[in-house]
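Inspection log for the structure reproduced underneath, given as structure tokens.
The values are calculated or read from the model by the stated rules, or taken from the named source; none is laboratory data. What you are looking at is a predicted structure, and each value in this text was computed from that prediction instead of being measured. Every residue, glycine among them, receives a Cβ derived from its backbone with ideal geometry; neighbour counts consider all protein chains shown.
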Amino acid sequence: MDHYWQKQLKLNSLAVLLLVPVTIGRAQTSAPSDATLDTTGLPFIVKLFPQPAPEPWQRITPKQRLGLYQQTSFSGIALLGSATGAAFSQLLDSPTEWGQGAEGYGRRVASSYGATIINGTIQYGTSIIFHEDNRYFRSSSSSFASRFGAVVISPFVAHNDRGGKRLSVSSFLGGAGQSTIPLAWSPPSWQGGSEISINAAIWYGQTAGTNLFREFYPSIAAHFRKNAGTNPGSAPKKADIRAVDGTRKPDDTAKEIRTTVQKIKP
């Protein structure tokens, strides 16, 4: 395949790669403090969507920062994202020097996953130095245009230690590393300024694409909850309260006492 068209197909496949963020890991492993992020009763596919950070904003802890790094760089989901990207490169036979078959696919997976680790490691280390919180918090606006605009600029926005927004130096440096360092092991057809630009576009598309799902996740979840008739955070009805071990409810005992008293009254 002509080298020019390989470049074009790789860039055009960016639109397809935006589907990969659906499977990119979610760092949350415990019950959310934000009721809008409760996954109870939601379809399995919706539970896979990336979630925004829970509201209200709280200063990121070292444990949360490390967890975010591990989730985006060393989880099975991160490897799945790299495997998916490598599959598209294999389909396009890009780069041609790596050939086809298991060996060629393995090289593409290793290259893609290596770029992911480079991005995550640089971003993790520099976010500590610059006191930046790169978690995504959804927009407070009700306007679709404003919310979408927040997504567009999100790869370059972070929170400082006081919760204010600032230019994310750590995210920019991580993206720059992901776009340039992999050229060290890439073949001749993946060299040059145009390749760096394509890698940067892929980094931006994946980051913004992930945040797009995070921004509209509560709206998507609310839609499914409305159809299912569930309301997270609301108190359960008394009729639905049953002891897990099968014992009687306190209300049942109280009813029996009142009935007995009424029977013995003269």
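The C-beta contact set for segment 135-146 (first residue surrounded by 10 or more Cβ atoms within 10 Å (Cβ to Cβ), second residue at pLDDT below 95 and basic (Lys, Arg), distance under 8 angstrom, 6+ apart or interchain) comprises 136/214; 138/214.
Applying the condition of being touching a strand residue (DSSP E or B) at 6+ places or on another chain (Cβ under 8 Å) and polar (S, T, N, Q) to segment 105-144 and asking which residue is nearest to residue 218 (Cα to Cα) yields 134. Taking segment 94-126 as the range and being closer than 23 Å to residue 175 by Cβ, surrounded by fewer than 18 Cβ atoms within 10 Å (Cβ to Cβ) and of a type in the set (Gly, Ala, Ser) as the test, the residues that pass are 110, 114, 125.
Within segment 26-72, if we keep just the residues that are in contact with a Ser or Thr (Cβ under 6 Å, 6 or more places away or on another chain) and closer than 20 Å to residue 132 by Cβ, the residue that is modelled with the lowest pLDDT turns out to be 50.
Annotation: of all residues in segment 153-196 being more than 15 Å from residue 128 (Cα to Cα) and among the aromatic types (Phe, Trp, Tyr), the one that is surrounded by the most Cβ atoms within 10 Å (Cβ to Cβ) is 190. The residues on offer are 81, 114, and the sole one that is modelled with pLDDT under 95 and outside any loop (DSSP other than H, G, I, E, B) is 81. Please work out if residue 204 is surrounded by 15 or more Cβ atoms within 10 Å (Cβ to Cβ) and touching a Gly at 6+ places or on another chain (Cβ under 8 Å). The answer is yes for residue 204. For the condition assigned to a helix (DSSP H, G or I) and hydroxyl-bearing (Ser, Thr, Tyr), residue 170 qualifies. Residues in segment 68-93 that are loosely packed, with under 15 Cβ neighbours inside 10 Å and among the small types (Gly, Ala, Ser) were compared, and the one that is nearest to residue 104 (Cα to Cα) is 87.
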